[in-house]
Amino acid sequence: MPIIKICSFCGEQITPGTGIMYVKNDGTVLYFCSHKCIRNWEMKRDPRKLAWTKLYVRGGIKSKRK
Ligand SMILES: [Zn+2]
């Protein structure tokens with residue numbers, strides 16, 4: 001069974017053999033499905049605000065605090 005990785009940015013499953021492994025200077029390993037995700041992550045974009053990610057929140061991010 002191949003280990004299915006989840007894209008650290010968009011939340012999509014990464015097909016084994018594809019995707020990019022990104023190791024940060026502090027040793028944290030991140031997996032990305034595409035360069036598009038790396039670029040957006042480097043720009044420190046919030047995936048919850050991008051409609052093409054699985055983490056996108058419809059209607060904007062709402063605070064759960066009450
Ligand atoms: Zn991705």
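Counted by neighbouring Cβ atoms within 10 Å, the residues 42, 12 run from fewest to most as 42, 12.
The calculated FRET efficiency for residue 25 paired with residue 57, based on their beta-carbon distance and R0 = 30 Å, is about 0.50.
Ellipsoid fit via the Cα gyration tensor, the chain: semi-axes of 23, 14, 12 Å, each the root of five times an eigenvalue, largest first. Loop-resident trypsin sites (Lys or Arg not before Pro) (DSSP state other than H, G, I, E or B) in region 1-39 with no more than 14 further Cβ atoms inside 10 Å of their Cβ: 24.
Read-outs throughout are calculated quantities, based only on the coordinates presented, and are distinct from any laboratory measurement. For clarity, every value in this text was computed on a predicted model and none was experimentally measured. Note: ideal-geometry Cβ built from the backbone for every residue, glycine included; neighbour counts use all protein chains shown.
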